[in-house]
Structure formats: structure tokens, C-alpha cells
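Trainee: Can you keep this structure in mind? I'll have questions shortly.
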Protein chains: 2
Amino acid sequence: MGLAGSVSGMTPTDRSRAEELDAADPLAPLQQRFVVDDSELIYLDGNSLGRLPVATKARLAAVVEQEWGSGLIRSWEQWIDLPTRCGDLIAAHLVGAEPGEVVVSDSTSVNLYKLAVAALDARPGRTVIVADDDNFPTDRYVVAGLAAQRGLELRMVGSDPVYGPDLESLAAAIDERTALVTLSHVGYRSAALADMAAITALAHEAGALVLWDLCHSVGSVPVQLGATGADLAVGCTYKYLNAGPGAPAFLYVRRDLQTSLRQPIWGWFGQRDQFSMGPDYDPQPDIRRFTVGTPDIVGIAAVEEGVAVLAEAGIERLRTKGRQLTDYLIELADHWLAPLGFELASPRDSARRGSHVALRHDDAWRICQAYIDASKVIPDFRAPDRLRLGPAPLTSSYVQVWEALDRLRGLVEAGTHREYGDGRARVT
Amino acid sequence: MGLAGSVSGMTPTDRSRAEELDAADPLAPLQQRFVVDDSELIYLDGNSLGRLPVATKARLAAVVEQEWGSGLIRSWEQWIDLPTRCGDLIAAHLVGAEPGEVVVSDSTSVNLYKLAVAALDARPGRTVIVADDDNFPTDRYVVAGLAAQRGLELRMVGSDPVYGPDLESLAAAIDERTALVTLSHVGYRSAALADMAAITALAHEAGALVLWDLCHSVGSVPVQLGATGADLAVGCTYKYLNAGPGAPAFLYVRRDLQTSLRQPIWGWFGQRDQFSMGPDYDPQPDIRRFTVGTPDIVGIAAVEEGVAVLAEAGIERLRTKGRQLTDYLIELADHWLAPLGFELASPRDSARRGSHVALRHDDAWRICQAYIDASKVIPDFRAPDRLRLGPAPLTSSYVQVWEALDRLRGLVEAGTHREYGDGRARVT
């Protein structure tokens, strides 16, 4: 991305270089749209739980106090369309889909299940699910459960720990017995960015359906579900979409597939003419058939606010900044951290990488604990030995990246992490 | 309940009688724990969407602003146990269960699906699901979907529209081929209260499992899951638990069944040693195996606040007041509304009734619209011809019931409802 050449007369590790990059950053003013009450703290875990948008505070207070507290049941007039309205926003601004192809509903895991079952039922007689062995646990577990229940073969493609599953391995695994291919667009550990168009084409050539997990790409990497011909997708809203802990997920079903797919959990929100409460299930003729129970209104309102800020930034600008931020991070890591035993565990080429960077280190767990406790930097740990640094394009600055890497270098040079235990605690 | 005799020297329809009942109501002071910004409005739909507790406003602001906004990912230390901690509260105060038998997770519909599948898998070779034809739509649809998918017989027991399914019909329907019996504890339209102990015993004699839907009883009627030997249950939190629109539901699995049941949606929150992110799914050895994805923290915090107020009131006192309120409502309806074409469509004996009352009327839909618009009373409409009046014991007064019935009488006497259309709109 030409970072080194952008500022002349300095060494690459000068703090002033970060300052100049921030001064030239068109997205920098949007950082003020987020709650930051501790300017010392550097948050590099926006890819696990995004920051709180300032607007979300007022919006949630209004939903709770006015819409629920005062409006009571009458507010369903405006709530009833919220899952599809918010889905349309995600479709238009973040995932390259048409109105009516995305809806906000349930958790990512439940959505994975619903769409995987729908895909398997749409390919009767096919007996294989293709997945990759480095995918996020819930993705692997959901399809493992289905394979066990239905007596299907779960064909796990071996992934390169840095680059993810390669096209050749996938091509070899996908055949005329394959019903479903399920993969992450961006790897949760490595940030490896999959070639959605090529993999979707591979699956389609074999007559299989593809289900994409967008959790680690949506909001930071442009997703082109329509242009790539993707069949199905799910995604999370509490990472780059900044919708808060456990906010509801979304799902995508390509329009021409919608009426032919059978969603397995027949709930009353998937029912056509829902309030006639008739005797037989007659699913909605559109994306709403993939919803189930009463939607989480407070959560979806938070999704809408989170997406609004991303839409204002624009996904292309977010992507450009995400590449530059992580390029810069890697450049500093090369200078400062490689001599201390860190190895890059993400693709070096930003075109093949999402918006986070994994660094491998033998002492990663202890470093992670010390980093939070002694350095006031919040990274993420991923088993067994990765420090995951996610400077979210919308909420992170170049100076924060500089500062975070400088503190990390200082910490490991001083050996501070050796004072921390090597047990494993809970880190999401 | 001896209401008529409680106040002497008045006719049963005197407003002063309602005032005396309120003055003697030990739960009356708790009405101040709820947001009421329009004292003219009478809300009789707490059994659809409960009112906002005052404490919930501050709690949600704290979860959003301090825990999420400031604490960020670090708050998972306190969030991770919230689903089971809140489940334990529900277990102890509302449903007669032990710690570790209830967890808050997903929607009611998704929970119904998970537990129904688990039950069917636990009774291999059995080919029948017994349900009742007047159960809430989502309950019927979920088991219809499973029956269709698995080629099972869905045996729908005919329900009396007022009293629900009778024991004789159920006894005739449940046999050695029955895997699962699924019923509501309180009927969503009629408020018929099922005999949980007797029906559970019937199912167990035949070797079947029972899955109870507690949506319309929990928080207003004592539920004795442990004492009745119930196997499985689900329930809603946005009605009598006052947790807000679309707040997450809960589920119950009797402890001795937990490790033998297979939950079908294998998500990462059901995994033992979740953050090691290992290759194989190894479910939690407890109630957590029935959870799936990342929990809705904001929603569960609201559940905790809602349950806290119910716990303070005490479920026995809530039940006593619920019986008296609805007895009083029926008494007024007998005097004022029966002459206007209304018929009671709920059990007359409060021992067989939950905390709402259904009134049948040929013009119910138009009356419902006029009642909201012209009378400032919010009831609920249930197809095809029921006005459902739910004075929640925690948030409703006797005077409100008097006032609501007086306004209804005035409305129908004046024929105001004839100005309203007879189309069907959305009412949840």
C-alpha cells in the first residue's frame, strides 16, 4: 500500500509517521462517534466486540423508554418490519445484496444451522459436507452435528494456518456427492481472506451450495454476495458492526433460492399471515421464512445504529484504511517484534487479509495477560499461541497502532509477561 | 375467592369496591416500580408485552455504557455466567426448579425446537408426537415441521376452546408409540390452566417425554416443574417477566436428563472448554449444553431485572391477586357485558385459569380497535373473535379493571366500534 513512501525523511518506526497518517485519514473524524472514556486504553479487539457508538446510547434509551415503556404493545407497528429493514441496510451497504435478501435474526450459530439444514434438504442424495479444519469452532460444530445426525460425511479440508484452505484442496474435496460447502470469508485467527468468487464457482460446478460465514469480514471487507453468486451467508453484528454483546446476527439467502428452501425451525414469525394463527404452517414467500421467533427489538435497533455509521464511512474507505492500518502494524512488528520471537501468522499481502493480524509467540498467553494488565492494550488471544490484533478501521488510529506495538515491544523486552501465569482463562 | 363478601353494603359494580380492594392489596405498592407515563391509559396486555420496570432503565444503561462502552471485551468475565445465573433466579422463584436446571437462551420457538428434537432422539423407534390443536401457533408449527421432516405422526388432540385439552382425550392419544407430548401450561387464548402433574404422569406411564410451554403461566401462576416431574419446558420473558420486546427466552431440562439428551444445534457456547476451540464437539455436562451461540447480554440483563421484581412480590401472592383480579373482571363482565353480546371464553373457576380472561363477541375485532383508539384501553385481539384482557397481577389495579370494563360497556352501548373497519391488522 506504499506506506513507507508516503512520508519522507523518517525511519519507518517514527511516531510522527503515525501522526501524519492520522492527519491524512478521511475516516479519522468518525472516531468521535464512539464512546471512549479512557484515552490511555488501546482497544485492538473490535473484531471480537466492537465499540459502543454514541448514537446507540440514545437510540436504545428511546427504544426502551419511549417505544417499550410508553408505546407498549402499540410499538409493534414499527417493530414488525425492523428485522427486514435492518437486513436491507446491511444488504445495501455491506454485503452486496439486494433488498429482501438479508434479515436480522437469532445468533450466528442458529442461523448457520437453519441455512445448513435448508441446503442439505435441497440436495437430497448428496452425502458430503465440505468444511475447513481451521474454521471458527461454532461453524465446525454445527456441521459436525448435522453430519452425525444425518449420517453424512464431513470432509474437513486441511487449512494452511496462515492462508486458509487453498483452492486446489477445495477443488479436490468438492465433488458430485457434495451437498454443501461451508467456509469463513475471513479466517477468525489468521485473517486469511477467501476467494469467494472462485470457491463459489467451484461449488456450483459440482452442483453444491455454499454457505459463507461473514463474521470476520462484514463491516471491514467489501462482501459481494450478489456478484459472486453466493447462495447463503450468515454474519455477526457485535464485531465490526458495533451492535453490542450478543446482538442478533443476520442471514442472507439469494432471492431465487428463497421459496425453494425449507427452513427447519417452523416458528410463528416465519408464517405467512402470522396473526391469523391458522392451523397449518405456510411459510412466508420471502426472506422472512428464515426467521423463527419474536425478534430481539432492542438488539436489532443497536444493529441499525451500528450499520448507519459504517454506511457513512463507506465500505471501500473502510477497506482501504483496514489494509493500511494492518500493513503498518506488520511493518512495525517486523522491526520491533520479530527480534523478540514474534512471527507473523496472517497473510503478508493485504489483498489476502482481513482487518486483523495474528502474531505467533511461544508465550502468547502470558503476553496477552500482561499486555492487558500492565500495558493497557486489549488484544485477543487465540489458542494455542496467537496474539490477535484487530485495529477496527472505524475506531482505531495509526497512532494507536504505533503506541500498541511500542508498548508490546517494551513489555516483552522487559520480560514483564513472565510474571503472569500460563493457565488458560476465558477470553472471547 | 370470596370477593363479593369482602366489602359489604355495596352493589358488586360500585367503583368504591375496586378502591377498597386496591387499598387491601399487598402488591399495590409494587406498581410504582414500573414506568407509567400516561395514567389515563389502561394496559391489559401485560400478558403479551409486560411493562418496563423502572430499574431496568438504569440497568440497561449500565450494561450498555459501563459494561460494554467502558469495559469492552473485559466484561465477558461477568457476562459469561449471566445465562445460568439468570436461569437460577427463574428456577428458584418462578418455576419450582433446582439451580442448574434453567438457562436463558435464544427465543421460545428455537428452544422448543431444540428440546423437541432432543426428546425425539431420546425415544428412538417411537413415531408419534402428541400436541393440542389450540396451542399457540409456534408450538404447533415447530412440531409440525419436525413431524414432516422425520415422517412422524403429529397427533393433534382436540381442545375445548374454553377448557383446553381434557385428560381423557390426552389419555386416549398418548400410547406406547408416543415419543413426546407438548402442551401449554396456560392456553394463550382461553387461559385454561393445564393439570401439569396429571398430564406429566400420563405421559410418563406411556414412556413418553413432556415438553411444557410456560409462556402464559410463568410469572403469574406457580409452576412446579420439579414436583410434577416435568421433563422439559420453555418460557417467554417479555410477558409477565417484563423483560422487553423480543427478550431472550428460557429453557428447563430436568437434571437427570441433561447429560443423556442430545441438543441438535451444536454451537460454541454449548461446548465444554469453549475457549480451547478444539476440533471436536464435546458438550457441556450440564444445562449449558442446551445453549448455542453468544448470549444476548442486554436482553438477559433485562430478564434479571424483571424477575427480581417478581421475586420480591412472591409468586404465591401474585397468583392470589391474579385470581382475584380476573374473578372481579368476570363478575363485572357478567353484569355489564353479557347483556351486550359478550360471552366468557375462559374457565369460570379461577383454579382452572391463568391470569387473563377471554371474552367472545361477534364484533371483537372492531371493538378491539375502538377500545384502543377511543377508550384508551389496550386489550389484545385473538382470532377469530376473542377480546383478551390480561390484567398483570404486578402492574394492574382493581380500579383499572373496573375502569376498563366500564369503558368497554360504554363503548359498546354507544356503538362506537361500528365506526371501525372489520379488516384484520397486526396485533401481537
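Any read-out appearing in this document is the output of simple, stated calculations on the displayed coordinates, not a laboratory observation. Predicted model, so just to flag it, every value in this text is computed and none were measured. Methodologically, a virtual Cβ is constructed for each residue, glycine included, from the backbone with ideal geometry; neighbour enumeration extends over all protein chains shown.
Trainee: Go ahead and estimate [θ] at 222 nm for chain A from helices alone: -39,500 (n - 2.57) per DSSP H run with n ≥ 4, summed, over the residue count, rounded to 500.
Mentor: -10500 deg cm²/dmol
Trainee: Using the count of nearby Cβ atoms within 10 Å as a rough guide to exposure, how do A:Met196, B:Met156 rank from fewest to most?
Mentor: If I rank by nearby Cβ atoms, fewest first, I get B:Met156, A:Met196.
Trainee: May I ask you to give the average projected area over all directions of the convex hull of the Cα atoms of the range B:159-251, in nm² rounded to one decimal?
Mentor: On the way: hull surface 23.8 nm².
Mean shadow area of the hull around the Cα atoms is 6.0 nm².
Trainee: Sort B:Val221, A:Val309 so that the residue with the fewest other Cβ atoms within 10 Å of its own Cβ comes first and the one with the most comes last.
Mentor: Ascending Cβ contact count within 10 Å gives the list A:Val309, B:Val221.
Trainee: Oh, and also: Of B:Asp166, B:Asp273, B:Asp25, which has the largest mean-square fluctuation in a 10 Å C-alpha GNM of chain B?
Mentor: Sorting by GNM fluctuation, first place goes to B:Asp273.
Trainee: May I ask you to work out the translational diffusion coefficient for the range B:302-410 at 10 °C, viscosity 1.306 mPa s, via Stokes-Einstein with Rh from the Kirkwood sum over Cα pairs, reported in whole µm²/s? Please list the in-between numbers first.
Mentor: Details: Rh = 14.5 Å.
After rounding, the answer is 110 µm²/s.
Trainee: While we're here: If I build a Gaussian network model for chain B, linking alpha-carbon pairs within less than 10 angstrom, which residue out of B:Pro222, B:Pro137, B:Pro248 has the largest mean-square fluctuation?
Mentor: Highest fluctuation among the options: B:Pro137.
Trainee: Further, regarding this structure: Where Lys and Arg each count +1 and Asp and Glu each count -1, what net charge lies around A:Cys86 among other residues with Cβ under 14 Å from its Cβ? Walk me through the intermediate numbers first.
Mentor: Details: positive: A:Arg59, A:Arg85, A:Arg288; negative: A:Asp81, A:Asp88, A:Glu101, A:Asp106, A:Asp296, A:Glu304, A:Glu305.
Overall, the nearby charge balance is -4.
Trainee: To make sure I understand, if each residue's beta carbon is the centre and we count other beta carbons within 10 Å, what order do A:Leu325, A:Leu310, B:Leu170 fall in, fewest to most?
Mentor: With the sparsest Cβ surroundings first, the list reads B:Leu170, A:Leu310, A:Leu325.
Trainee: Using alpha carbons only, what's the Rg to Rh ratio of chain B with Rh from Kirkwood?
Mentor: 0.99
Trainee: While we're here: Take the alpha carbon atoms of the protein assembly as shown, find their radius of gyration, then divide it by 2.2 N^0.38 Å using N residues; give the quotient.
Mentor: Computed over Cα atoms of the protein assembly as shown, the ratio equals 0.98.
Trainee: If you don't mind, another one. Membrane-span-like helices in chain A: DSSP H runs reaching 18 Å or more (Cα, own axis), mean Kyte hydropathy at least -0.5?
Mentor: Helices meeting the criterion: A:108-121, A:137-150, A:297-313, A:398-414.
Trainee: Relative contact order of the range A:56-312, please, whole-number percent, based on alpha carbon pairs below 8 angstrom and at least 6 residues apart.
Mentor: With pairs under 8 Å counted, the relative contact order is 24 percent.
Trainee: Under the convention of a label 7 Å out along Cα→Cβ, give the distances in nm from A:Gly207 to the same position in every other copy, shortest first.
Mentor: List, nearest first: 4.1 nm.
Trainee: Tell me, what is the Rg over Rh of the range B:64-182, with Rh the Kirkwood radius over Cα pairs?
Mentor: With Rh from the inverse mean 1/r over Cα pairs, Rg/Rh is 1.12.
Trainee: Let me ask something additional. Using a Gaussian network model of chain B whose springs link C-alpha atoms within less than 10 Å, name the residue from B:Thr237, B:Thr56, B:Thr11 with the highest mean-square fluctuation.
Mentor: B:Thr11
Trainee: Of the options A:Val377, A:Ala92, B:Val377, report the single residue whose Cα projects farthest towards the positive end of the charge dipole of the protein assembly as shown (beta-carbon charges: Lys, Arg +1; Asp, Glu -1).
Mentor: Value: A:Ala92.
Trainee: Just checking the output field for B:241-249: average partner chain Cβ neighbours within 10 Å of each residue's Cβ?
Mentor: The per-residue average across the peptide is 6.
Trainee: Let me ask something else about it. Suppose you put the label 7 Å out from Cα in the Cβ direction; list, shortest first and in nm with one decimal, how far A:Ser169 is from each other copy's label.
Mentor: Nearest first, the other copies' label points are 5.8 nm away.
Trainee: Per residue of B:55-61, count partner chain C-beta atoms within 10 Å of its C-beta, then hand back the mean as an integer.
Mentor: Mean inter-chain Cβ contacts per residue within 10 Å come to 3.
Trainee: Once phi is turned into ³J(HN,Hα) by the Karplus curve 6.51 cos²θ - 1.76 cosθ + 1.60 with θ = phi - 60°, what whole-Hz value does each residue of the range A:256-270 show in order, with x for glycine and proline?
Mentor: 5, 8, 4, 7, 8, 8, 9, 8, x, 9, 7, x, 6, 7, x
Trainee: Using a 10 Å cut-off around each Cβ of peptide A:35-47, what is the average number of partner chain Cβ atoms that fall inside?
Mentor: 2
Trainee: If I take every Cα pair under 8 Å that is 6 or more residues apart in the range A:80-158, average their sequence separation and divide by the length, what percent do I get for the relative contact order?
Mentor: 24 percent
Trainee: Between the range B:365-393 and the range A:303-330, what is the C-alpha centre distance in whole Å?
Mentor: Using only Cα atoms to place each centre, the spacing works out to 48 Å.
Trainee: Let me ask something else about it. With respect to the cross-link table entries B:Lys321/B:Lys376; A:Lys57/A:Lys239; B:Lys114/B:Lys239; B:Lys114/B:Lys321; A:Lys239/A:Lys376; B:Lys57/B:Lys114, which display a Cα-Cα separation exceeding 26 Å?
Mentor: Checking Cα-Cα distances, B:Lys114/B:Lys321; B:Lys57/B:Lys114 exceed 26 Å.
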